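Peer 1: My questions will all concern the structure given below.
The values are calculated or read from the model by the stated rules, or taken from the named source; none is laboratory data. This structure is a prediction, so every number in the text was calculated from the model and none was measured. All Cβ positions, even for glycine, are placed from backbone atoms using ideal geometry, and neighbour counts span all protein chains on display.
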Amino acid sequence: MTYRPDPRFAALGPDFATPVDPADFPLARPIWWNTRWAEAVGLSMDAEARQRHFHRFKPLADNKARPVAIKYHGHQFRVYNPEIGDGRGFLFAQLRDEHNRLLDLGTKGSGQTPFSRSGDGRLTLKGAVREILAAEMLEALGVYTSKLFAVFETGEPLHRGDEPSPTRSAVMTRLQHSHLRFGVFQRHAYHEDADAITRLVDYAIEALLPEAEAMEGDRAAALLAATAKRSAQLSAQWMAAGFVHGVLNTDNLVVTGESFDYGPWRFLPKFEPGFTAAYFDQTGLYAYARQPESVFWALQQLAGALMLVGDRDALIEALQAYPDHYRAALIESFHHRLGLEPLGTDADAAFVTGLLDWMKDSEVAWEALFFDWFCGGAERADASARGGLYADEAFAPVRSAIAERAPVRPERLQHSYFKRPDPIHMTIETVEGLWAPIAERDDWSDFHTIIDAIAEARAGYDLGRGRVGFLPEANK
């Protein structure tokens, strides 16, 4: 793939971002380089170039001459905050992939910006490791996610209230299809700047959402309709992956419907609707089962910002389509994870409901169920450590429903991943177990072992086929 720079965001002008300088870090220790995605966007480079561009953040050729911190507001736990923005990250570069999609390279932990407030603009090394694990695991499970592109340890001792301090520091770069958060629109609505919102709508449609360009009528409503469908698909993918994002504030959701910004995330150990990821989410606002509703609420806030330039009735109509999009996407996502073809009838929804009811009652390990029954492999499932659960009479309706559905590409079961007795999983115990030897003796062997296992899972499931770069179905 040839490197194709295209720094489009700068054309919006100074109302949308502020130029910033990266921090000068005392250490440049390479921790992570995403070779697969570097090759996919034409950025394969040697170690010296990686350090130059992704630690010191010297501009890429023909790209942004200087990083910018994007201006935005947002609802944080449903309380509006006009004092936020890119406080410890910036937009570093933009480029196009082989499918001509515009991509962003954005940072986290790259230093203070005008929006840092009392923060130090830094990122802990543990935080960077957690982001790598979340993005890699979600990609393996077929979720439309940002990709961790590069991580360098930076040599500064950091003090944090939620982990032993001082702790090690890092700077990371992520690759994703957009950093255009709902909160960017909210900021300009807050200032009643209709012209700015119009420019944002045009940028989003022309650069990021080709399906919206094809829609007739009000452009703001077309943007909302496309974003609502993509967001519904993302919500369903999280649910099928058993993933809890943790902080679904409006500044953590983007118009492309892509999962990103992994702070207090968790994966379900078992089906538990009220399971939360963030210790500070004391009311369970962003619990596992509340995520689809939380995304819908955030979409309503985006609609409110777009009301300044869009047709009210058309925007309402775009919003009202979300529940139907979500229901369809949920059926598709659960079948996709199981490697099964939906029947295309009302029985599909009943199957998903019955499966989840049984998972809740049986307390089966979440990831193990999908691993055992992938492509309807009853023989594998019965021979697994969970075989006793599957022999129970209560499972019989689920077993029967699985048998009714045709497997999709069952040859995948011949992959080495499915010769394992148990699947790879990323519960909090796994994450903390990986971090402990790094923190205690700088031993990365367990981390590399599990990264290799995730790569094996990604190849085995091969859930990305038909989803170019894990784009939602709307953009095939």
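Peer 1: Mind checking whether some residue in region 122-133 is in contact (Cβ under 8 Å) with a residue 24 or more places away in the chain, over 25 Å from residue 47 (Cβ atoms) and surrounded by 20 or more Cβ atoms within 10 Å (Cβ to Cβ)?
Peer 2: no
Peer 1: Tell me the residue from 380, 337 that is touching a residue at least 12 places away in the same chain (Cβ under 8 Å), part of a helix (DSSP H, G or I), of a type outside the set (A, V, I, L, M) and crowded, with 20+ Cβ neighbours inside 10 Å, please.
Peer 2: Unique residue meeting the criteria: 337.
Peer 1: Which of the residues belonging to region 120-173 are in contact with a Leu (Cβ under 9 Å, 6 or more places away or on another chain) and basic (Lys, Arg)?
Peer 2: Hits for region 120-173 are 122, 147, 168.
Peer 1: Of everything in region 22-69, what is in contact (Cβ under 8 Å) with a residue 60 or more places away in the chain, out of contact with any Asp or Glu (no Cβ under 7 Å at 6 or more places or on another chain) and of a type in the set (Lys, Arg)? Give them in sequence order.
Peer 2: If the condition is that a residue be in contact (Cβ under 8 Å) with a residue 60 or more places away in the chain, out of contact with any Asp or Glu (no Cβ under 7 Å at 6 or more places or on another chain) and of a type in the set (Lys, Arg), then 50 is the only one that fits.
Peer 1: Just one of the numbered conditions (1) more than 25 Å from residue 345 (Cβ to Cβ); (2) out of contact with any strand residue (DSSP E or B) (no Cβ under 8 Å at 6 or more places or on another chain) is not true of residue 404; which one?
Peer 2: Just one mismatch for residue 404, condition (1).
Peer 1: Could you tell me how many of the residues in region 1-22 are of a type in the set (S, T, N, Q) and in a loop (DSSP other than H, G, I, E, B)?
Peer 2: Count: 1.
Peer 1: Next question, about the same structure. Among the small types (Gly, Ala, Ser) and either closer than 24 Å to residue 69 by Cβ or touching an Asp or Glu at 6+ places or on another chain (Cβ under 9 Å) (or both), is that true of residue 196? Before you say what the answer is, go through the steps one by one.
Peer 2: Numbers: among the small types (Gly, Ala, Ser): yes; either closer than 24 Å to residue 69 by Cβ or touching an Asp or Glu at 6+ places or on another chain (Cβ under 9 Å) (or both): yes.
Yes: the conditions hold for residue 196.
A quick yes/no check of all residues on (1) touching a Leu at 6+ places or on another chain (Cβ under 7 Å); (2) surrounded by fewer than 16 Cβ atoms within 10 Å (Cβ to Cβ); (3) of a type in the set (A, V, I, L, M):
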{"residue": "271", "(1), (2), (3)": "yes, no, no"}
{"residue": "276", "(1), (2), (3)": "no, no, no"}
{"residue": "284", "(1), (2), (3)": "no, yes, no"}
{"residue": "291", "(1), (2), (3)": "yes, no, no"}
{"residue": "301", "(1), (2), (3)": "no, no, no"}
{"residue": "304", "(1), (2), (3)": "no, yes, no"}
{"residue": "308", "(1), (2), (3)": "no, no, yes"}
{"residue": "314", "(1), (2), (3)": "no, no, yes"}
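Peer 1: Right, next: Going through 413, 434 one at a time, which residue ends up being in contact (Cβ under 8 Å) with a residue 60 or more places away in the chain and either surrounded by fewer than 13 Cβ atoms within 10 Å (Cβ to Cβ) or not in a loop (DSSP other than H, G, I, E, B) (or both)?
Peer 2: Result of the check over 413, 434: 434.
Peer 1: Continuing with this model, one more query. Any idea which residue in region 383-401 is surrounded by the most Cβ atoms within 10 Å (Cβ to Cβ), counting only those that are out of contact with any strand residue (DSSP E or B) (no Cβ under 8 Å at 6 or more places or on another chain) and of a type in the set (D, E, K, R)?
Peer 2: Residue satisfying both the conditions and the ranking: 399.
Peer 1: Taking into account only those residues within region 54-96 that are among the β-branched types (Val, Ile, Thr) and either touching a His at 6+ places or on another chain (Cβ under 8 Å) or in a loop (DSSP other than H, G, I, E, B) (or both), which is nearest to residue 301 (Cα to Cα)? Can you show your working first?
Peer 2: To start, the set of residues in region 54-96 that are among the β-branched types (Val, Ile, Thr) comprises 68, 70, 79, 84.
Keeping just the survivors that are either touching a His at 6+ places or on another chain (Cβ under 8 Å) or in a loop (DSSP other than H, G, I, E, B) (or both) gives 70, 84.
Numbers: 70: 19, 84: 16 Å.
Looking at residues that are among the β-branched types (Val, Ile, Thr) and either touching a His at 6+ places or on another chain (Cβ under 8 Å) or in a loop (DSSP other than H, G, I, E, B) (or both), I get 84.
Peer 1: Give me the pairs: first residue in region 251-264 and within 12 Å of residue 299 (Cβ to Cβ) and touching a residue at least 60 places away in the same chain (Cβ under 8 Å), second residue of a type in the set (A, V, I, L, M) and in a helix (DSSP H, G or I), beta-carbon distance under 6 Å, and six or more apart or on different chains, which are they?
Peer 2: 253/298; 255/204; 257/234
Peer 1: I'd like the residue in region 202-252 that is among the β-branched types (Val, Ile, Thr) and crowded, with 24+ Cβ neighbours inside 10 Å and, out of all such residues, is nearest to residue 368 (Cα to Cα).
Peer 2: We begin by selecting, within region 202-252, every residue among the β-branched types (Val, Ile, Thr); these are 205, 227, 244, 247, 250.
Remaining after also requiring crowded, with 24+ Cβ neighbours inside 10 Å: 227, 244, 250.
Working: 227: 32, 244: 17, 250: 33 Å.
Per the stated criteria, the residue is 244.
Peer 1: Being in contact with a Pro (Cβ under 8 Å, 6 or more places away or on another chain) and not in a helix (DSSP H, G or I) is true for just one of 279, 286. Which residue is that?
Peer 2: 279
Peer 1: Next question. Residues in region 191-201: is at least one among the small types (Gly, Ala, Ser), in contact with a Leu (Cβ under 7 Å, 6 or more places away or on another chain) and surrounded by fewer than 22 Cβ atoms within 10 Å (Cβ to Cβ)?
Peer 2: Start the filter on region 191-201 by keeping residues that are among the small types (Gly, Ala, Ser), which leaves 194, 196.
Of the ones still in play, those that are also in contact with a Leu (Cβ under 7 Å, 6 or more places away or on another chain) are 194.
The next check asks that each one be surrounded by fewer than 22 Cβ atoms within 10 Å (Cβ to Cβ); those that pass are 194.
Taking every residue of region 191-201 in turn, at least one turns out to be among the small types (Gly, Ala, Ser), in contact with a Leu (Cβ under 7 Å, 6 or more places away or on another chain) and surrounded by fewer than 22 Cβ atoms within 10 Å (Cβ to Cβ).
Peer 1: Let me ask something else. When you scan region 148-161, do you find a residue that is polar (S, T, N, Q) and assigned to a helix (DSSP H, G or I), even just one?
Peer 2: No, that holds for no residue.
Peer 1: Only one of (1) of a type outside the set (Ser, Thr, Tyr); (2) surrounded by fewer than 20 Cβ atoms within 10 Å (Cβ to Cβ); (3) touching a Ser or Thr at 6+ places or on another chain (Cβ under 6 Å) is not met by residue 182, so which one is it?
Peer 2: Tallying (1) of a type outside the set (Ser, Thr, Tyr); (2) surrounded by fewer than 20 Cβ atoms within 10 Å (Cβ to Cβ); (3) touching a Ser or Thr at 6+ places or on another chain (Cβ under 6 Å), residue 182 fails exactly one: (2).
Peer 1: So, in region 234-257, exactly how many residues are closer than 20 Å to residue 133 by Cβ and either in contact with a Cys (Cβ under 7 Å, 6 or more places away or on another chain) or assigned to a helix (DSSP H, G or I) (or both)?
Peer 2: 7
Peer 1: Follow-up question, since we're still on this one. Take residue 331 and tell me if it is out of contact with any Ser or Thr (no Cβ under 8 Å at 6 or more places or on another chain), under 26 Å from residue 415 (Cβ atoms), part of a helix (DSSP H, G or I) and at pLDDT 95 or above.
Peer 2: yes
Peer 1: Next question, about the same structure. Out of curiosity, is residue 244 of a type in the set (Val, Ile, Thr) and within 23 Å of residue 72 (Cα to Cα)?
Peer 2: no
Peer 1: Which of the residues belonging to region 43-86 are farther than 19 Å from residue 178 by Cβ and small (Gly, Ala, Ser)?
Peer 2: Keep residues of region 43-86 that are farther than 19 Å from residue 178 by Cβ, which gives 44-59, 61-62, 65-66, 75-83.
Residues satisfying the conditions are 44, 47, 49, 61, 65.
Peer 1: A further question follows. Do we have any residue at all in region 149-156 that's more than 27 Å from residue 57 (Cα to Cα) and among the small types (Gly, Ala, Ser)?
Peer 2: Scanning region 149-156, I find no residue that is more than 27 Å from residue 57 (Cα to Cα) and among the small types (Gly, Ala, Ser), so the answer is no.
Peer 1: So which residues in region 248-267 are within 12 Å of the chain's Cα centre (by Cα) and among the hydrophobic types (A, V, I, L, M, F, W, C), if there are any at all?
Peer 2: The initial filter retains those residues of region 248-267 that are within 12 Å of the chain's Cα centre (by Cα), namely 248, 252-254, 256-263, 265.
Once the filter is applied, which keeps residues that are within 12 Å of the chain's Cα centre (by Cα) and among the hydrophobic types (A, V, I, L, M, F, W, C), region 248-267 yields 248, 253, 254, 260, 265.
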